[in-house]
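This report concerns only the one structure given below.
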Amino acid sequence: MPLKDQHKYRSVDPNTRPTRPVQPAAPLPKGVDDIRKTKEYKAAARRWTATIVGLPIVMYTSWILYERLYGGKSPKRLADLAKKKDE
């Protein structure tokens, strides 16, 4: 007994399948061999790098401050750590 809609799942021969149109890549600005050398790319890369570096720092700091404010934790002190080390 054939399955319902079996014709949908039949494999297709790649040689007879019609090719998809390929869109050409966007042209680079005049006189630019490598996009990484453009002023716009460098500015965007600087912003992206700053975001990737800064976001974890902001998230961790905000979590610690949230715990201090609503979790009842107190800030760590170097003197407290020295006492624990001596004991």
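Tell me, in nm to one decimal, what length is gained between ALA25 and VAL53 on full extension, where the rule is 0.36 nm per residue of separation less the Cα-Cα distance?
Values: separation 28, 0.36 × 28 = 10.08 nm, distance 3.08 nm.
Taking ALA25 through VAL53 to full extension adds about 7.0 nm, to one decimal.
Can you compute the FRET efficiency between ASN15 and ALA44 using 1/(1 + (r/R0)^6), with r the Cβ-Cβ distance and R0 = 41 Å? Round to the nearest 0.05. Write out the running numbers ahead of the final one.
Working: r = 43 Å, r/R0 = 1.04.
The pair ASN15/ALA44 has a calculated efficiency of 0.45.
What is the spin-label model distance, in nm, from SER62 to ASP34 if the labels are put 7 Å beyond Cα along the C-beta direction?
Distance between label points: 3.6 nm.
Bear in mind that the values in this text are calculations on the coordinates, not laboratory data. Here the structure is a predicted model, which is why all the values come from computation and not from measurement. Every residue, glycine among them, receives a Cβ derived from its backbone with ideal geometry; neighbour counts consider all protein chains shown.
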